[in-house]
Amino acid sequence: MHHVLARHAGRSPSTLHTQQRLERDLQLTPLEIVLVILEVEQMLDESLPIDDVVSLDRVSDLIAFVSLAVASDKRGRSLHGSP
């Protein structure tokens, strides 16, 4: 995910830090943040709740958002008997 975010921000992944703000520090537009989410969805083959993107402020928020969505999806699949 860091590589996707770095590419959209025009930076090296090694320069990303969890406390950087997506819009202010990385200068990502709201549309670019959505594009990052969509690309991460494709990479992970997971559907993420795009409506929650507006609350993302920092790189750490994005990481937590993706981690929670993936974990929630896996729990939901195991509860319903899907692999």
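Remark: relative contact order (the chain) = 28 percent; criterion is Cα-Cα distance under 8 angstrom and separation of 6 or more residues.
The sum of -39500 (n - 2.57) across all DSSP H runs of n ≥ 4, divided by the residue count of the chain, sets its helix-only mean residue ellipticity at 222 nm to -17500 deg cm²/dmol. Karplus-based coupling profile of region 18-24, in residue order and whole Hz: 4, 8, 5, 7, 4, 7, 6, with θ = phi - 60° in 6.51 cos²θ - 1.76 cosθ + 1.60 and x standing for Gly or Pro. If R0 is 35 Å, the Cβ-Cβ spacing of R24 and D45 corresponds to a FRET efficiency of close to 0.65. Using the Cβ-Cβ distance between V34 and R7 with R0 set to 25 Å, the FRET efficiency from 1/(1 + (r/R0)^6) comes to roughly 0.95. Apply 1/(1 + (r/R0)^6) to the Cβ-Cβ distance of A71 and H17, taking R0 = 30 Å, and write down the FRET efficiency to the nearest 0.05. After rounding, the FRET efficiency stands at 0.80. Each residue of region 2-15 was assigned a 3J(HN,Hα) from its phi angle through the Karplus curve 6.51 cos²θ - 1.76 cosθ + 1.60 (θ = phi - 60°); the sequence is 4, 5, 5, 4, 4, 4, 5, 8, x, 10, 7, x, 5, 8 Hz, with glycine and proline shown as x. Once the convex hull of all Cα atoms in the chain is built, its volume per residue stands at 85 Å³.
Values quoted throughout were computed directly from the atomic coordinates according to the rules given, and no laboratory measurement underlies them. Because the structure is predicted, anything quoted here is derived from the model rather than measured. Note that we place each Cβ from the backbone using ideal geometry, even for glycine, and neighbour counts take in every protein chain shown.
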